[in-house]
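See structure below.
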Amino acid sequence: MFAGFMVNTWLAASMVAVVAGVVGFFAVLRGSAFVAHAIPQGAFAGAAGAALIGAGTILGLGVFALAGALGIGWLGRRGRHDVATALALVVMLGLGALFLSMSVEYAPEIYSLLFGEVFGVSGGEIGPMAVLGVLCLAAVAVLYRPLLFTSVLPEVAEARGVRAHRMEMCFLVVVAAATSMTVPVVGAFLMFSLMIAPAGTARSFTDKPLHAMGLSVAIALATVWAAVAASYETQWPLGFFVGVGGALAYGLGRGWARHRGTRAVRTRPPTGAVVTAG
Amino acid sequence: MSGILRWVFEPGLFGSAAVGVAVLVGGAVAVVSGTVGVLTVIRGQSFAGHALADVGATGGSGAFLIGLNPLWGFVGVAVVAAGIMESVGVRRPRGRDLATGIVLGAGLGLAALFLYWDTTWSNTTGASMTVLFGSMFVIDGSTVPVVIGFSVFVLAVVVLLYRMLLLSSLHPDLAAARGVPVRLVGIGYLAALAVTVSLSAMTIGAVLSTALLVGPAATALRLTKRPGWAMAVSAAIAVAATWLGILLAYDSYYWPPLQRGWPVSFFVVVLVFAAYLLTHLPGTGPRRAPGPVSLVNTRKEA
């Protein structure tokens, strides 16, 4: 399990988990679960398009993820956010269907782009992944305070001069960057599970944003490591263990929160309690 | 004149049994999706609508595995998933989206496993492709009565629950005060939604299912204020987009670059999206969409 060819797998899986845990914290806080699902899934159409014209997969993914993110931001300003997300997603997937129908040999790769092929990571893929991952983390670190502010108290943030829409755009671009980094390795669906489930679980345990983010990363890492080990032993797809494991963790978190009787954790954003107290 | 007609409707369009089935099934699914979609958009549950289509695909691949008719897998799993979403979901939209996401994640994980078994044991590489994108021209003729039966059932549920659904969608507290069983109505609606999207996901693919559910309804709600009218307009847009998409796909058989037809889902998605964008031109749709968005806006102004 820890043989030479598995080193890349462990590295890639860990990097994905860290980025997904951090970005996912904001996705959950902002109620952007749909965006976290739509951008990775839609971006895979870009990979199909890139294969059609002979460009690199990561380039196609990046272009589509970015276009999707900007499209969601633009449409979301003029209409309902979930409608904008759904429409951006189906347009990207419609294009994906077109690209796939035009290329002949691409069909087997769809499965791996959707569900991931983490055991086939090459050393050359690790470099770009690490760069994009560090960029995502740096962006989150720089934007941390205003992003948190607009996520929790949009009206107050607006009154204090933070541009909510600009922050939304920044957040979408970060999700897009995280997507282009992770989808070639772990697949669109796995990326989504890793963004939502650990962050959702972490919120059942703590109210403090930084603690929740750290916990989210820890849960994501634990989920991925356990999943890689289990997948290695059973040969079953990694996505199964991550998806079901994430849901189990979330269920446990909710059970714990209910057991503690901490209603505030479930129904209020983290700093909400502080604000109402003050 | 006949030359133009011949150019628009490729010869053989009306004689083809596959096209006939596609028009029938596509039309029925479009009417139901358009109608249910209006409620989905008002309630802000587009994500649930999309997630149920994807999760239904899990059931489809599971049923495929044990040799059951995929339809029952689709509908059964989607209804169960809808029940879980509603029972986990908190009433705040953010909590509800999270619950939807968790169910979707678990469903996709199971789908990965089922598809893996499908491909290793029964050697059907095309399974993941068909489940995602569907294929309108290869619908089995025998599913037509089933699809129409389910469509009538869903429309009946919507008509029966119409007033209660609308009230509990727009003003949950008022509805509760008036004695409407909000929770029960929500579950009934989500079940209807689950049947709708799993039906459309199975016949025309998960992509088109979401497109027809959300696009026409959002367009219609920009055009008219009254929910009843919006449902009619939305169903009309959905049917028009579907049939036009089928026509274009049939015509595209002779288009470059491949001479083997562009996918229907591409055309329908583009048509639906174009209709939505048209309502966003300056000077159209001056009013705000009903529901949480307008509530948020008024609160901001107050």
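Ranked from the most accessible area to the least, with a 1.4 Å probe and all protein chains present, what is the order of B:His171, B:His280?
Numbers: B:His171 95, B:His280 40 Å².
Result, largest first: B:His171, B:His280.
For chain A, leaving out every one of the trypsin sites (Lys or Arg not before Pro) that falls in a DSSP loop and has at most 15 other Cβ atoms within 10 Å, the longest unbroken run is A:1-159. Association of chains A and B removes close to 4800 square angstrom of accessible area from solvent, both sides included, for a probe radius of 1.4 Å. The Cα center of segment A:146-197 and the Cα center of segment B:213-257 differ in position by 31 Å.
Dividing the helix sum by the residues of chain A, where each DSSP H run of 4 or more adds -39500 (n - 2.57), gives a mean residue ellipticity at 222 nm of -28500 deg cm²/dmol.
The contact residues of segment A:224-258, meaning those that lose at least 10 Å² of 1.4 Å-probe accessible area when all protein chains sit together rather than their chain alone, are A:Gln235, A:Trp236, A:Pro237, A:Gly239, A:Phe240, A:Gly243, A:Val244, A:Ala247, A:Tyr250, A:Arg254.
The residues of segment A:114-166 present an accessible area of 53 Å² per residue when probed at 1.4 Å with all protein chains retained. What trypsin sites (Lys or Arg not before Pro) does segment B:22-121 have in DSSP loop regions with at most 15 other beta carbons within 10 Å? Counting only loop positions with at most 15 other Cβ atoms within 10 Å, the trypsin sites (Lys or Arg not before Pro) in segment B:22-121 are B:Arg91. The share of Cα pairs per 10 Å bin across segment A:161-217, counted from zero up to the longest distance, runs 21, 36, 39, 4 percent.
Add +1 for every Lys or Arg and -1 for every Asp or Glu among the other residues with Cβ under 13 Å from the Cβ of A:Leu70, and state the total. Intermediate values should be presented prior to the final figure.
Numbers: positive: A:Arg77, A:Arg166; negative: A:Glu168.
Around A:Leu70, the surrounding residues sum to +1.
Here is what passes the span test in chain A: the DSSP H helices with alpha carbon length of 15 Å or more along the helix axis and a Kyte-Doolittle mean of -1.0 or above are A:7-29, A:33-53, A:57-78, A:81-102, A:123-152, A:164-186, A:188-205, A:209-234, A:238-260.
Potential lengthening of the chain between B:Tyr253 and B:Leu24 amounts to 80.4 nm, from the contour at 0.36 nm per residue minus the alpha-carbon distance. Over chain A, Cα pairs under 8 Å with separation of 6+ residues give a relative contact order of 29 percent. Backbone geometry of segment B:193-208 corresponds, through the Karplus equation with coefficients 6.51, -1.76 and 1.60 at θ = phi - 60°, to 3J(HN,Hα) couplings of 4, 4, 4, 4, 6, 5, 4, 6, 4, 6, 8, 10, x, 5, 5, 5 Hz, x marking Gly and Pro. Taking the Cα-to-Cβ direction at A:Leu248 and at A:Ala222 and moving 7 Å from each Cα, how far apart do the two end points lie in nm? The modelled label-to-label distance comes out at 1.2 nm. Normalised radius of gyration (Cα atoms, divided by 2.2 N^0.38 Å) for chain A: 1.00.
Exposure check, 1.4 Å probe, all protein chains in place: B:Tyr254 carries approximately 140 Å² of accessible surface.
Leaving ligands and nucleic acids out of the surface, order B:Thr58, A:Thr206 by accessible area at 1.4 Å, largest first. Mind dumping the intermediate values first?
Working: B:Thr58 5, A:Thr206 30 Å².
Sorted by accessible area, descending: A:Thr206, B:Thr58.
Taken along the Cα-to-beta-carbon direction at a fixed 7 Å, the label points for B:Val152 and A:Arg78 span 4.1 nm.
The values are calculated or read from the model by the stated rules, or taken from the named source; none is laboratory data. Just so you know, these numbers come straight off a predicted model, no measurement behind them. With ideal geometry, Cβ positions are generated from the backbone for all residues, glycine too; neighbour counts draw on all protein chains shown. When the accessible area is computed, the model is the full protein with side chains, heavy atoms only, and any ligands, DNA or RNA have been set aside. Shrake-Rupley method; radii C 1.70, N 1.55, O 1.52, S 1.80 Å.
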